[in-house]
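Have a look at this one.
All of the numbers you see were taken from the coordinates with simple rules; none came from a lab. Since the model is a prediction, treat every value here as computed from it, not as a measurement. Cβ sites come from the backbone with ideal geometry, for glycine too, and all protein chains shown count toward neighbours.
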Amino acid sequence: MEEPRVLLVEDDGRTATLVATYLRGQGFRVDVEGDGARAARRIVEEQPDVVVLDLMLPGKDGLAVCREVRGTYAGPILMMTARGDEVDQVVGLEIGADDYVAKPVGPRLLVARIRALLRRSVSGPGERLDL
């Protein structure tokens, strides 16, 4: 099976490097984007298997990115952000995110959430995808 493609949208270079390195070690192909406006274009053009999206980004915030791409991107979006307020989580989920994790998040939990989203997005009723 081909490695699932993750677009990690994170403007903090250290966090992006740590997360991308861990995900690659777990069998994912990872591309990193640090700008919200560019991320929105890339999501639509590249159609990654899953998007891990920070909220606070230069160019366009994560909520605006999610809102913009939802009409043309059907894959899962996992919001990963330092803003862990319940209101932020509710807004993110209501505008189209499929899951939401607050930073700092343990790497094993992040991978488990990504795999769960991928299973739900590619397997139909009664099918099972082994990730």
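Is any residue of the stretch 77-109 close enough, with backbone N under 11 Å, to a label point placed 7 angstrom from the Cα of Arg120 along the Cα-Cβ axis, and if so, which?
Hits in the stretch 77-109 for Arg120 at 11 Å: 77-78, 97-100.
Okay, moving on. Out of Leu8, Val51, Gly106, whose Cα points farthest toward the positive end of the dipole of the chain (charges: +1 Lys, Arg; -1 Asp, Glu; placed on Cβ)?
Value computed over the given set: Gly106.
State to the nearest 20 debye the size of the charge dipole of the chain about its Cα centre, where the only charges are +1 on K and R beta carbons and -1 on D and E beta carbons.
280
Ok, one more. Could you sort the peptides 16-24, 85-93, 30-38, 73-81 by per-residue average Cβ neighbour count (10 Å cutoff), highest mean leading?
For the peptides 16-24, 85-93, 30-38, 73-81, the packing ranking is 73-81, 30-38, 16-24, 85-93.
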